[in-house]
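The values are calculated or read from the model by the stated rules, or taken from the named source; none is laboratory data. Everything quoted here is computed from the prediction, not taken from an experiment. Here the Cβ positions follow ideal geometry from the backbone for every residue, glycine too, while neighbour counts run over all protein chains shown. Surface areas here come from the heavy atoms of the whole protein model, side chains and all, with no ligands, DNA or RNA. Shrake-Rupley method; radii C 1.70, N 1.55, O 1.52, S 1.80 Å.
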Amino acid sequence: HSAFFKRDGSRVFVSDLGADLIYVFEIIQKDGKFNLHKVNEIHTKAGGGPRHLVFSKNEKTIYSILELTGEIEVFQQNGDMWVSKQIVPMYAAGFDGDHGGADIKVNKNGKLLYATNRGTANVLATYQITANGLLKSKKIQSVKGDSPRNVNISPGGKLLLISNQNSNNITVLSKDGKISTSIPVPKPVCVIF
């Protein structure tokens, strides 16, 4: 479903939503050509459906958003292996509706993680990243829209922008999570800076 590179460009992590796997490929450059060599498979929660992922600041932890269950699975590196350490929900206790985990981002200082859940949830989940890389839920709030496909952080880190595809708006939040405005945009799916 998606492909994300390590910062140094040496490896790419590919989420296969239907197989509940994240493939890890080494990128080999030779004679001006690039080839992929599979070095690992990370097994995510059965039925979870990995969609997107993001790395911790030191790249020793991976946060994988599970589209089908509305959860985040946390993996930590142990040698060449990635070990599942935590699964956290992106919905409030007692929620009984449809999920559609969509996007996931870590702020610049590596201390906060943001994730969106579509379906009938339509929420932004905010987590503190603890010293050991695990997640502690801070807030789950409405995105004031329908189908939050994307969340992104403004270059200065002061605003969050959430693209709500079905309600035709981008919700803008201040970094403390308060809604500052809603911008009408037809079928927005992604904001890139």
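Quick check, is residue 53 out of contact with any Lys or Arg (no Cβ under 6 Å at 6 or more places or on another chain), more than 25 Å from residue 152 (Cβ to Cβ) and part of a strand (DSSP E or B)? Answer is no for this residue.
With the structure loaded, tell me whether residue 151 is surrounded by 19 or more Cβ atoms within 10 Å (Cβ to Cβ) and not in a loop (DSSP other than H, G, I, E, B) or whether it fails that test. So residue 151 fits the description; yes. For the stretch 131-141, does any single residue satisfy the condition of being more than 17 Å from residue 42 (Cβ to Cβ), under 15 Å from the mean Cα position of the chain (by Cα), assigned to a strand (DSSP E or B) and among the polar types (S, T, N, Q)? Yes, there is a match, as at least one residue in the stretch 131-141 is more than 17 Å from residue 42 (Cβ to Cβ), under 15 Å from the mean Cα position of the chain (by Cα), assigned to a strand (DSSP E or B) and among the polar types (S, T, N, Q). Within the stretch 86-142, the set of residues being touching an Asp or Glu at 6+ places or on another chain (Cβ under 9 Å), within 22 Å of residue 155 (Cα to Cα) and open to solvent by 10 Å² or more (accessible area, probe 1.4 Å) comprises just one member, 114.
Listed by first and then second residue, the pairs with beta-carbon distance under 6 Å, at least 6 apart or on different chains, first residue in the stretch 149-163 and within 28 Å of residue 68 (Cα to Cα), second among the aromatic types (Phe, Trp, Tyr) and open to solvent by less than 20 Å² (accessible area, probe 1.4 Å), are 151/114. If you go through the stretch 28-50 and keep only what is outside any loop (DSSP other than H, G, I, E, B), more than 17 Å from residue 80 (Cα to Cα) and of a type outside the set (A, V, I, L, M), you end up with 29, 30, 33, 34, 35, 50.
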